[in-house]
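The values are calculated or read from the model by the stated rules, or taken from the named source; none is laboratory data. This is a predicted model, so every value here is computed, not measured. Please note: Cβ atoms are built from the backbone with ideal geometry, for glycine as well, and neighbour counts cover all protein chains shown. Side chains are part of the model used for accessible areas, which takes the heavy atoms of the whole protein and leaves out ligands, DNA and RNA. Shrake-Rupley method; radii C 1.70, N 1.55, O 1.52, S 1.80 Å.
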Amino acid sequence: MKFGGSSLANAAKIRNAARVVERFSPENRIVVVASAMDDTTDRLVELGELARRGESARASKILSRIQKLHTKTAQATSSRKESKELLDRIDRLNKELEKTVQGISHLRELTPRSRDYLLSFGERLSTPILAAAIRSLGLKTQALTGAEAGISSDERFGEANPLAEVSYHEMRRRLDPILARNEIPVVTGFIAATVEGSITTLGRGGSDYTASLLGAALNTNEIWIWTDVDGLMTADPKIVKDARVLAKVSFGEALELSYFGAKMMHPRAMQPAAQRKIPVRIRNSSKPSLEGTLVSSAETPNGGRVVKAVSIIRSVGIVTVSGTGMIGSPGAAAKVFTALGSSNVNVMMISQGSSEATISCVVARKDVDNAVRALQLALLGQGLVDNVVAERDACIIAVVGSGMKGTPGVAARIFGAVARKKINVRIVAQGSSEYNVSFVVSEREGPEAVRVIHDEFQLGRKP
Amino acid sequence: MRIVLIGFGTVGQSLARILTNDRDWLVKNYGFEPQVTAIADSRGSCRDDNGLKLDLALKVKEKYGSVQKYPGNSERKTNTHQIISGTEAEVVIETTPSNFENGEPGLSNIKESLSARRHVVTANKGPLALAMPALLELANHTRMQLRFSATVGAGTPFLNFASKCLPGEKILGIHGILNGTTNYILTRMDEASLSYQKALAEAQEKGYAEKNPDNDVKGLDTAAKIVIIANWVLKRRISINELEITGIQNLGPKRILTAKKSGARIKLMGRLTDSRATVKPEEVPADNPVCVPGNLNAVAFSTEHIGDVTLIGRGAGGEETASAIIRDLVDIRSEYSI
Ligand SMILES: NC(=O)c1ccc[n+]([C@@H]2O[C@H](COP(=O)([O-])OP(=O)(O)OC[C@H]3O[C@@H](n4cnc5c(N)ncnc54)[C@H](OP(=O)(O)O)[C@@H]3O)[C@@H](O)[C@H]2O)c1
């Protein structure tokens, strides 16, 4: 089980996390993965930047805040028996952190390698605290860094790729004996080490990635991700009153939901679990009696309904290029994407008019201006494109469900329902996967579109 | 090419002998001039960055039982970590005993070597049987070669045959006799109607079986080879723990007799199919090409278009195994010009 930063944000939450472990320990053998406390990782990023720029006053303020947070939390979460050793350890780590920051500010340099080293303190500090809190409840634990648990990676500092087979083998070798002694390994999330032993971080997916690797290595029955939501929902409950938690989704559906903004594992993190078919459960750490959402390789029908969820990505814009010169001209689309790609604009959806005279791209709203400029520079005045226009007021609606592929008429139902409410559909995604239909409407009409689709497929009804 | 040799038993010493005797021939034909800069056995090590005198090392080993008595730079304790990272060398050769429980000491030696950016040639099957996917991934990551021709069939090139002589042909399954010791025992039980115990004793007398024959007779050695073939030829990521293994230690004369009456023999077969990997005594028709006698090995590759292709050869022996190691060394030499 993995506890996210929000589930370890303060002493009370850490004590709660320890009780969650205790609650499930009689019937299960458990490996725990800990994220950094709250937003410590962001603070460390900031600290690194300040140190590099030589802003020592501000840096030391953040540094001491991080140090104090962990010392105080350690005092408040461990029993008297545990606290001496724990505080010594936190003290040592705090000193090491301080030295690291000093090193950065002396050199005025923050390499990807030293940055990973700096970031690793978040998990290296939180993990022994959580381990001691669990021990204080009378269980046996052993705190380990990712490297100590056997996770090795390549040298891509900042977003290292695990050497999966090497790691699987090492993790089994190191953790099996600990589990056999009935101890609970408590492992730092997010961090690994190169073959030579330098600390790396796993980047996107972070601690979830660690949990997924551990589950795959040890062939666990399930991987539990403890977080601050009840699970994956049929829709945003702030938009749809009768939205409910989905009991089961498939990895494919979860992938779509995470792309469309659900609070879900990053696809990268999901991969080891999906590959080895280990189910992942998303659960709320403050309501451990709830079962949460089970993500597995099984395609589970939603009580006969082909649609599982409908989500919304707000704050997007549409950039449309048009020109009669584009008709029959091969490579027009390629030029558009090259121009956007080279100015780092991520295209979320595309649509080409059937006349070929227009291409529309949906991009994040913050990228709209950039996109327009890049396209104007690259395409205007060459006889291909006459016009580049932007619309800022848009949102993407994504309808997700694995049953949609083989079922005729789903799209007709979706767009029929939206049309009845006189909502204007601007763009429909091309080449959408078999798990989703997505389209763009104005931002103002977005919530209404979500509600009518939720109603149309009766997603609020229990299956 | 500078070489660290870990393990100086039957195989290690045979290798040293060939490298001494064939030196001029290897230089002339392959431009291959090996220098062994360190040797370790269980009791110590010796080292010379300019190249040890192999004939002297062999004499010292024979006389004192350990290379630790080699004159000059030698150690009374085996610290393989120091030998691997601290010796000038491009290649580490691993010939310590095969351990199928935890792979040690070979597993650590190979990991350490690859991490220290040394190519590895191993005759030791234990580490591969337990962690072949991991070791291949590690070699790939550190861009080093991990070669293991000697582990399957010793001198007989079963592994290279499949990967180099059958490209483009789909291999559907593999089966065969991969352990000479057990094949000798079974042959003697059949030919001379010996009991298992008698046949084993005879094999031990002739030096085919070790004092502790468990790895052979319990099927672990065969299983290890099946794992290596599965990973290398069929790209199947498995380890020895996933195999169903039955040895020959409980085989009675009755079963052998029954088989004989129907024109068949009992053989310890390793078998890889689409979904399974097994090692167990099986009845094989006497006229089947894999049904080889004595201590021979035979492997049949079942292919899509040309049916079964069977390769027969001796599967063990110090000199044969050492020759396979040299094959790997020459390969590495031609790829890296070292
Ligand atoms: N013999 C064959 O026909 C054959 C064929 C294919 C593969 N193999 C494999 O090749 C390997 C070697 O076989 P072998 O017949 O040469 O075995 P061997 O005669 O028993 O030799 C093993 C050698 O390893 C040394 N050794 C043991 N523990 C060690 C340690 N911790 N550190 C350093 N050295 C250590 C031994 O030292 P001491 O000399 O001090 O005892 C000995 O020199 C085995 O893995 C075997 O399975 C053998």
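Structure above, values below:
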quantity: Matching option when the condition is crowded, with 24+ Cβ neighbours inside 10 Å, within 14 Å of the ligand (Cβ to nearest atom) and over 16 Å from B:VAL227 (Cβ atoms), among B:ASN124, B:ASN183, B:ASN179; calculated: B:ASN183
quantity: Any chance B:ILE240 is modelled with pLDDT of 95 or more, within 14 Å of chain A (Cβ to nearest Cβ) and within 16 Å of the ligand (Cβ to nearest atom); calculated: yes
quantity: Selected residue (criterion: nearest to B:THR10 (Cα to Cα)) from residues of region B:293-338 that are within 16 Å of the ligand (Cβ to nearest atom) and open to solvent by 60 Å² or more (accessible area, probe 1.4 Å); calculated: B:GLU319
quantity: Candidates A:GLY146, A:GLY103 - the one that is among the small types (Gly, Ala, Ser) and either surrounded by fewer than 18 Cβ atoms within 10 Å (Cβ to Cβ) or part of a helix (DSSP H, G or I) (or both); calculated: A:GLY103
quantity: Given (1) under 21 Å from A:THR194 (Cα atoms); (2) open to solvent by 40 Å² or more (accessible area, probe 1.4 Å), number of the condition A:ASP91 does not satisfy; calculated: (1)
quantity: Test result for B:PRO97, more than 14 Å from chain A (Cβ to nearest Cβ) and modelled with pLDDT under 95; calculated: no
quantity: Meets criteria (of a type in the set (Ser, Thr, Tyr), touching a residue at least 60 places away in the same chain (Cβ under 8 Å), farther than 30 Å from A:MET171 by Cβ and touching a strand residue (DSSP E or B) at 6+ places or on another chain (Cβ under 8 Å)) for B:THR10; calculated: no
quantity: Unique residue being within 16 Å of the ligand (Cβ to nearest atom) and not in a helix (DSSP H, G or I) when the list is B:GLY155, B:GLY173; calculated: B:GLY155
quantity: Cβ pairs under 6 Å, 6+ apart, first in region A:160-175 and at the interface with chain B (Cβ under 10 Å from one of its Cβ atoms) and over 16 Å from B:SER115 (Cβ atoms), second of a type outside the set (Lys, Arg) and open to solvent by 20 Å² or more (accessible area, probe 1.4 Å); calculated: A:ASN161/A:ASP154
quantity: Candidates A:THR40, A:THR71, filtered to the one that is crowded, with 24+ Cβ neighbours inside 10 Å and modelled with pLDDT of 95 or more; calculated: A:THR40
quantity: Tally, over region B:276-297, of residues that are under 24 Å from B:ARG236 (Cβ atoms), at pLDDT 95 or above and among the charged types (D, E, K, R); calculated: 2
quantity: Any hit, region A:396-409, residues being surrounded by fewer than 18 Cβ atoms within 10 Å (Cβ to Cβ), of a type outside the set (Asp, Glu) and under 22 Å from A:ARG314 (Cα atoms); calculated: no
quantity: Leading residue by the ranking (farthest from B:ALA38 (Cα to Cα)) among those in region B:100-125 that are assigned to a loop (DSSP other than H, G, I, E, B) and away from every other protein chain (no Cβ under 14 Å); calculated: B:PHE100
quantity: Yes/no for B:GLU205 being of a type in the set (Asp, Glu), within 15 Å of the ligand (Cβ to nearest atom) and either open to solvent by 50 Å² or more (accessible area, probe 1.4 Å) or in contact with a Pro (Cβ under 6 Å, 6 or more places away or on another chain) (or both); calculated: no
quantity: Evaluation of B:LYS218 against (1) touching a residue at least 24 places away in the same chain (Cβ under 8 Å); (2) open to solvent by less than 10 Å² (accessible area, probe 1.4 Å); (3) within 16 Å of the ligand (Cβ to nearest atom) (one fails), failing number; calculated: (2)
quantity: Looking only at region A:199-225, and only at residues there that are among the polar types (S, T, N, Q) and open to solvent by 30 Å² or more (accessible area, probe 1.4 Å), the one that is farthest from the other protein chains (Cβ to nearest Cβ); calculated: A:ASN221
quantity: Of residues in region A:189-198 being crowded, with 24+ Cβ neighbours inside 10 Å and among the hydrophobic types (A, V, I, L, M, F, W, C), the one nearest to the other protein chains (Cβ to nearest Cβ); calculated: A:ALA192
quantity: Members of region A:360-391 that are part of a strand (DSSP E or B) and within 35 Å of the chain's Cα centre (by Cα); calculated: A:SER360, A:CYS361, A:VAL362, A:VAL363, A:ALA364, A:VAL388, A:VAL389, A:ALA390, A:GLU391
quantity: Subset of region B:137-154 (residues that are more than 11 Å from the chain's Cα centre (by Cα) and either open to solvent by less than 10 Å² (accessible area, probe 1.4 Å) or within 14 Å of another protein chain (Cβ to nearest Cβ) (or both)); calculated: B:GLU137, B:LEU138, B:ALA139, B:ASN140, B:HIS141, B:THR142, B:ARG143, B:MET144, B:LEU146
quantity: Some residue of region A:1-11 being out of contact with any Asp or Glu (no Cβ under 6 Å at 6 or more places or on another chain), in a strand (DSSP E or B) and crowded, with 20+ Cβ neighbours inside 10 Å; calculated: yes
